[in-house]
Amino acid sequence: MLDTADRQEGEAAELRTARLTTRLGELRRQMRELEAMEQAVAATPDRQISLTDPDARAMASAGTGTGLVGYNLQAAVDTGSHIIVAREIINLSHDRTSLANMGHQAIEATGTELLADRGYFSGPEVLVCEEAGIVPIQAAYFRCQSRRALGQAGLRLPARKRHLSVPRPAKR
C-alpha cells in the first residue's frame, strides 16, 4: 500500500510540474506582451492606447475617478429647420473649448445668432467669438453660488430671483 502511494505521489508531482511549467510559460508570454504594450503607451504623446478604436481617448466623466473611452460630438443646429449645419468630433469630455470653433461654423452656415448651453461657457472662448464679431448667447456657468462671490465677479443676483444679469463687456 505504501508503494502504491509513493508511485502516485511521483505521478502527481510530475503532472503538477508539467502544469506549473505550462502556466509559467503563459505568464512569461503575457509579461512580454505587457512590456511591449508599456513601450507603445510610452511612445504615444498622450500616453493612451485604445485596444478597440485607435482614435478613441479616455475622457473623464462627472463621477470621481471614472471615465469613458470614446468621443464627444459637437453639433450646431439651425433652430428654424432643425437641420445640423455644423459638426465636430473631439476627444475632450467637456465642451468649454469648442464654442468659438462651432460658433464660426454655425454663423458661416446660417448667418444668424449663436445660442449655446452653459457647458460651452468659457471666458476666453467668448472673447474669441466677440473678436470675430459673433455674440454668443449662453448661460454663464459658475461653481460658486454665493451672492458675495457673484458680486466680486461683476454679476448681480437680485433678491428672490434665480437668474443672473451679466453685464455686457465694453466696446473696444
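The values are calculated or read from the model by the stated rules, or taken from the named source; none is laboratory data. As the structure is a prediction and not an experimental result, all values here were calculated from the model. We place every Cβ from the backbone using ideal geometry, glycine too, and count neighbours over all the protein chains shown.
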### Task
Give the residues of the range 106-142 that are part of a helix (DSSP H, G or I) and surrounded by 14 or more Cβ atoms within 10 Å (Cβ to Cβ), sorted by residue number.
106, 107, 109, 110, 119, 120, 125, 126, 128, 129, 130
### Task
Select from the range 103-119 the residues that are closer than 19 Å to residue 90 by Cα and touching a strand residue (DSSP E or B) at 6+ places or on another chain (Cβ under 6 Å) and list them in ascending order.
103, 105, 106, 116
### Query
What's the number of the condition residue 116 fails, among (1) within 16 Å of residue 84 (Cα to Cα); (2) at pLDDT 85 or above?
(2)
### Positions within the range 76-105 being exposed (fewer than 13 other Cβ atoms within 10 Å of the Cβ) and of a type in the set (Gly, Ala, Ser), in sequence order
80, 81
